[in-house]
Amino acid sequence: YKAEISRGSQLPAQTLDGFSIQIMGNIELPEEVVSVRDYGGNGIGLYRTEFQYMSRAGFPTEDELFDKYKDVVEVMSPNPVTIRTLDINGDKALPYASVSEEMNPALGMRAIRYCLKNPDIFKTQLRAILRAAIYGNVRIMFPMISNCEEVIEAKKLLKEAAASLHEQDIAFKEDIDVGIMVEVPSAVIIADLLADEVDFFSIGTNDLIQYSLAIDRGNRHVSYLYNPVHPAIIRMLKHISDIAHNKGIKLFMCGEMAGNPHYIPILLGLNMDELSMNPQSIPAVKNAIRSLSMKDAGVFFEKLITIKTEQEMKALLEESYGNIT
Ligand code: PEP
Ligand code: MG
């Protein structure tokens, strides 16, 4: 495992013309935090907390959650740990909390929808996160946001969780950054309204592509259509980026697109603050960034956005940056 870690992995992700971008790791289990550090990650951009709920018979307690979050936060400190609240159901069903009779679970009672319907389960997790936040640099992120009401309601429950800790004299940190996953097309369209509610956006391309192009992300029959370099997706990314920059909030990406060196010129063209990926992808993405110029990527992106078809987009990417693998 150590041998796999390339020698350049601890170098900064800086372009030839001096622009830096933070490279973060995605984790599912607390133990993985060590590999993010070893591969040269600057923090955790996505902690998928649902996995801690999965291989067991019932919901974990607040103390169990707190212990695990604290471990991750301490190892990464002072670098950020972005804890995503429960994203269960859809493709990650819990045996003890499944919602029966859903024809389309991906469009069903999942993630933030489930949490807002089950505020006690949600608040248990929020309390654990607020308590762990004392030990380092924690951000909180809500998944599957599709309207402003969900963000407002989730923030209200976060406030209530803080108030209950305060009342019980339990130590916690209140002023932590709050953000959302942008992974549902409606969130892209109302990004300007959502930006007023949060400190950051993190683009989840896995679901954003699934929902925008109507392609089940797990269905191999249509996987040939599943492609981030689709004019609709490129335009959406541009729209989110313009709004985040105009509104002065941070812009991150934590979907699979961010971990593929091939797409790095596009992401540089979008001027993203952080990219988060599987730890093993970090060295190759850093190398790609270190071989590119931000200025050239901007010119390339201007051209890319005018193109009509997927095929021509891919051809331009290949022609301009075919050497990046
Ligand atoms: C995404 O949808 O892009 C994402 C990062 O979340 P997940 O893969 O956990 O749905
Ligand atoms: Mg998702």
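The values are calculated or read from the model by the stated rules, or taken from the named source; none is laboratory data. Note that this is a predicted model, so its numbers are computed, not measured. When we count neighbours, we look across all protein chains shown, and the Cβ atoms used for this are built from the backbone with ideal geometry, even at glycine.
Determine whether region 150-165 contains at least one residue that is surrounded by 15 or more Cβ atoms within 10 Å (Cβ to Cβ), within 16 Å of ligand 2 (Cβ to nearest atom), touching a residue at least 40 places away in the same chain (Cβ under 8 Å) and among the acidic types (Asp, Glu). No, there is no match, as no residue in region 150-165 is surrounded by 15 or more Cβ atoms within 10 Å (Cβ to Cβ), within 16 Å of ligand 2 (Cβ to nearest atom), touching a residue at least 40 places away in the same chain (Cβ under 8 Å) and among the acidic types (Asp, Glu).
So which of 42, 79 ends up being touching an Asp or Glu at 6+ places or on another chain (Cβ under 9 Å) and polar (S, T, N, Q)?
Working: 79 fails: touching an Asp or Glu at 6+ places or on another chain (Cβ under 9 Å).
From the options 42, 79, the qualifying one is 42.
Is there a residue in region 93-101 that is within 16 Å of ligand 2 (Cβ to nearest atom) and small (Gly, Ala, Ser)? Scanning region 93-101 turns up at least one residue that is within 16 Å of ligand 2 (Cβ to nearest atom) and small (Gly, Ala, Ser).
Screening residue 192 with (1) out of contact with any Phe, Trp or Tyr (no Cβ under 8 Å at 6 or more places or on another chain); (2) more than 30 Å from residue 119 (Cβ to Cβ) gives one miss only, at (2).
Do we find a residue being over 15 Å from residue 82 (Cα atoms), within 15 Å of ligand 1 (Cβ to nearest atom) and at pLDDT 95 or above anywhere in region 137-144? Write out each step before concluding.
First pass over region 137-144, keeping only residues over 15 Å from residue 82 (Cα atoms): 144.
Checking which are within 15 Å of ligand 1 (Cβ to nearest atom) leaves us with 144.
Right, trim to at pLDDT 95 or above and you get 144.
Looking for residues that are over 15 Å from residue 82 (Cα atoms), within 15 Å of ligand 1 (Cβ to nearest atom) and at pLDDT 95 or above, one finds at least one in region 137-144, hence yes.
All told, residue 61 falls short of being β-branched (Val, Ile, Thr), within 15 Å of the chain's Cα centre (by Cα) and under 21 Å from residue 115 (Cβ atoms).
Taking the options 181, 257, name whichever one is within 15 Å of ligand 2 (Cβ to nearest atom), over 29 Å from residue 123 (Cβ atoms) and surrounded by 22 or more Cβ atoms within 10 Å (Cβ to Cβ).
None of the other options fit; the residue is 257.
One residue alone among 234, 282 is farther than 19 Å from residue 306 by Cα, more than 16 Å from ligand 2 (Cβ to nearest atom) and surrounded by 16 or more Cβ atoms within 10 Å (Cβ to Cβ), and that residue is 282. In region 55-172, counting only helices (runs of 4 or more DSSP H) that sit wholly within it, the ones holding 3 or more residues that are under 30 Å from residue 38 (Cβ atoms) span 62-76, 119-132.
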